[in-house]
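Encoded as structure tokens, the structure appears first; notes follow it.
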Amino acid sequence: MLGCQTGSLCAPDRRLIRWVIPEVVGHALVTVLMLVSLHWFIFLLNLPVATWNIYRFIMVPSGNMGVFDPTEIHNRGQLKSHMKEAMIKLGFYLLCFFMYLYSMILALIND
């Protein structure tokens, strides 16, 4: 791409980084809130995923455009592993959604 230079974000990465940073910040925030509010089970459930998100964001190799570098994913054959990770995260977030929904309904009924 002509507009991409070393050290700058190219168009495909800007679209993807727009979702990666809020995911990392949001998940870390929810994990800390669960710790502060003493919801131990949900905190322990969220801790490994939040840690993995932060680790993956911090450990981006130098020279890559971001967590999802399209060139690296296709060159190294990482597409299958990224899809597997995405499906596991989708299942985890779906499980969390229903747990939070159940907790909210239970809190409203008990009040």
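Structure notes:
- Residue match in region 93-111 (condition: within 13 Å of the chain's Cα centre (by Cα) and modelled with pLDDT of 90 or more): yes
- Residues in region 22-47 that are loosely packed, with under 13 Cβ neighbours inside 10 Å and closer than 19 Å to Lys89 by Cα: Pro22, Gly26, Leu29, Phe41, Leu44.
- In region 11-21, the count of residues that are at pLDDT 85 or above, open to solvent by 70 Å² or more (accessible area, probe 1.4 Å) and within 17 Å of Phe92 (Cβ to Cβ) is zero.
The values are calculated or read from the model by the stated rules, or taken from the named source; none is laboratory data. This one's a predicted model, so the numbers in the text were calculated from it and none came from an experiment. In this analysis, Cβ positions are derived from the backbone assuming ideal geometry, glycine residues included, and neighbour counts consider all displayed protein chains. Calculation scope for accessible area: heavy atoms of the full protein, side chains included, ligands and nucleic acids excluded. Shrake-Rupley method; radii C 1.70, N 1.55, O 1.52, S 1.80 Å.
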